[in-house]
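Asks: Structure provided below as structure tokens; questions to follow.
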Amino acid sequence: MKFALLIYGDEGSWEALSDEGRAQMYAQHEAFGSWLEESGYDRGGEELHPSDRAKTVRADGERITVSDGPFAETKEQLGGLYLIECPSIDDAVEAARRLPAQIVEVRPIVGSEERPD
Amino acid sequence: MRYLLLIYADERAQADVSPDQIERLMKDWWEYEGWLRETGWHRAGEALQPIATGTTVRVRDGQTLTTDGPFAETKEQLGGFYLIECDDLDQAIEAAARLPAAPYGSIEIRPIQEFEVPEPGS
């Protein structure tokens, strides 16, 4: 089964980190990435720029509106994600538990066999 | 530049669509994906199962707390994403506006944080 590990956090607390604190955080992500590779779960991952650099696009008929910022103002914002493939959601939750993150949402991915042709 | 296109839409609205509508909608998605691949911008993309299948994990003081469902209750929910690589934000907006979900949902475009990978041995 494939899962998305969606990493949410308070961007303010990231901004407030010292260079050393950020280096520690990246080292923890690298260690997590190595563990993912060893476990055979790794299917990719990305870190996002802060949500103040986001644009949100909505189309209404022919009219397209583009607004600055994320689609919803929430205390925690999506900061990055990992894609993993593992036997069960329990394994995915175990992977999420190992992440150096405030909140991780684990979402199963729709497999190609589940989509209508 | 690489961008993540985050596709948000109201899951409840989609629960009411007929099999015929689903078939038409899927055709729109396959056409979109074909177009995205032709442009050379496509890097990855996935559809997520509904939020009811999600689990949210928080670690506090070494304790793992898990709750069912998404981390935040919003009118529209994350249903999938595309990772694209294109020249600039204008192209990313074009790719977002062409998404079959754009007329009924919201597409959040987020630039990817790029890292300089150190040379081995440096």
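The values are calculated or read from the model by the stated rules, or taken from the named source; none is laboratory data. What you see is a predicted model; the values in this text were computed from it and never measured. Every residue, glycine among them, receives a Cβ derived from its backbone with ideal geometry; neighbour counts consider all protein chains shown.
Asks: Return only the number of the condition from (1) within 8 Å of another protein chain (Cβ to nearest Cβ); (2) out of contact with any Lys or Arg (no Cβ under 9 Å at 6 or more places or on another chain); (3) of a type in the set (Lys, Arg) that residue A:75 does not satisfy.
Replies: Failing condition for residue A:75: (1).
Asks: Taking interchain pairs and intrachain pairs at least six residues apart, which have beta carbon atoms under 8 angstrom, with the first residue in the stretch A:83-109 and within 14 Å of residue B:70 (Cβ to Cβ) and within 9 Å of chain B (Cβ to nearest Cβ) and the second assigned to a loop (DSSP other than H, G, I, E, B) and acidic (Asp, Glu)?
Replies: Within 8 Å, the pairs are A:103/A:76.
Asks: Every residue in the stretch A:53-73 that is assigned to a loop (DSSP other than H, G, I, E, B) and of a type in the set (A, V, I, L, M), please.
Replies: A:54, A:72
Asks: Evaluate the stretch B:74-82: report whether one residue or more is surrounded by 20 or more Cβ atoms within 10 Å (Cβ to Cβ), β-branched (Val, Ile, Thr) and within 27 Å of residue A:50 (Cβ to Cβ).
Replies: No, that holds for no residue.
Asks: May I pose another question? Which count do you get for residues in the stretch A:74-111 that are hydrophobic (A, V, I, L, M, F, W, C), over 15 Å from the mean Cα position of the chain (by Cα) and not in a loop (DSSP other than H, G, I, E, B)? Quick ask: steps written out before the conclusion?
Replies: The first filter runs over the stretch A:74-111 and keeps only residues hydrophobic (A, V, I, L, M, F, W, C), leaving A:78, A:81, A:83-84, A:86, A:89, A:92-93, A:95-96, A:99, A:101, A:103-104, A:106, A:109-110.
Subset that is over 15 Å from the mean Cα position of the chain (by Cα): A:86, A:89, A:110.
Filter once more, keeping what is not in a loop (DSSP other than H, G, I, E, B): A:89.
Adding up the residues that qualify gives 1.
Asks: Looking at (1) more than 8 Å from chain A (Cβ to nearest Cβ); (2) more than 30 Å from residue B:35 (Cα to Cα); (3) surrounded by 15 or more Cβ atoms within 10 Å (Cβ to Cβ), which is the one condition that is false for residue B:56?
Replies: It is condition (1) that residue B:56 fails.
Asks: If I ask for residues that are surrounded by fewer than 20 Cβ atoms within 10 Å (Cβ to Cβ) and within 18 Å of residue B:95 (Cα to Cα), which ones from the stretch A:59-84 would you list?
Replies: Hits for the stretch A:59-84 are A:60, A:61, A:62, A:63, A:64, A:65, A:66, A:67, A:68, A:69.
Asks: With respect to residue A:43, determine if the residue is basic (Lys, Arg), modelled with pLDDT of 95 or more and assigned to a strand (DSSP E or B). Full working, then the answer.
Replies: Values: basic (Lys, Arg): yes; modelled with pLDDT of 95 or more: yes; assigned to a strand (DSSP E or B): yes.
In short, yes.
Asks: Same structure again: Hey, among the residues in the stretch B:13-71 that are part of a loop (DSSP other than H, G, I, E, B) and among the polar types (S, T, N, Q), which one's nearest to residue A:9 (Cα to Cα)?
Replies: This residue is B:49.
Asks: What pairs can you find where one residue is in the stretch B:96-108 and within 7 Å of another protein chain (Cβ to nearest Cβ), the other is hydroxyl-bearing (Ser, Thr, Tyr) and buried (at least 18 other Cβ atoms within 10 Å of the Cβ), and their Cβ atoms are less than 7 Å apart, with a gap of 6+ or different chains?
Replies: Going by the 7 Å Cβ cut-off, the qualifying pairs are B:106/A:56; B:106/B:8; B:107/A:56; B:108/A:56; B:108/B:8.
Asks: Residue by residue through the stretch A:2-26, note down the ones that are aliphatic (A, V, I, L, M) and modelled with pLDDT of 95 or more.
Replies: Once the filter is applied, which keeps residues that are aliphatic (A, V, I, L, M) and modelled with pLDDT of 95 or more, the stretch A:2-26 yields A:4, A:5, A:6, A:7.
Asks: Something else: Name every residue in the stretch A:51-72 that is more than 8 Å from every other protein chain (Cβ to nearest Cβ) and in contact (Cβ under 8 Å) with a residue 12 or more places away in the chain, in order of residue number.
Replies: Hits for the stretch A:51-72 are A:52, A:67, A:68, A:69.
Asks: Right, another one. Can we say residue A:35 is more than 13 Å from every other protein chain (Cβ to nearest Cβ) and touching a residue at least 40 places away in the same chain (Cβ under 8 Å)? Outline the logic, then answer.
Replies: Numbers: more than 13 Å from every other protein chain (Cβ to nearest Cβ): yes; touching a residue at least 40 places away in the same chain (Cβ under 8 Å): yes.
When the stated conditions are applied, residue A:35 passes them.
Asks: Please specify each residue of the stretch B:74-91 satisfying the condition of being at the interface with chain A (Cβ under 8 Å from one of its Cβ atoms) and either part of a helix (DSSP H, G or I) or in contact with a Phe, Trp or Tyr (Cβ under 7 Å, 6 or more places away or on another chain) (or both).
Replies: Those that are at the interface with chain A (Cβ under 8 Å from one of its Cβ atoms) and either part of a helix (DSSP H, G or I) or in contact with a Phe, Trp or Tyr (Cβ under 7 Å, 6 or more places away or on another chain) (or both): B:76, B:78, B:89.
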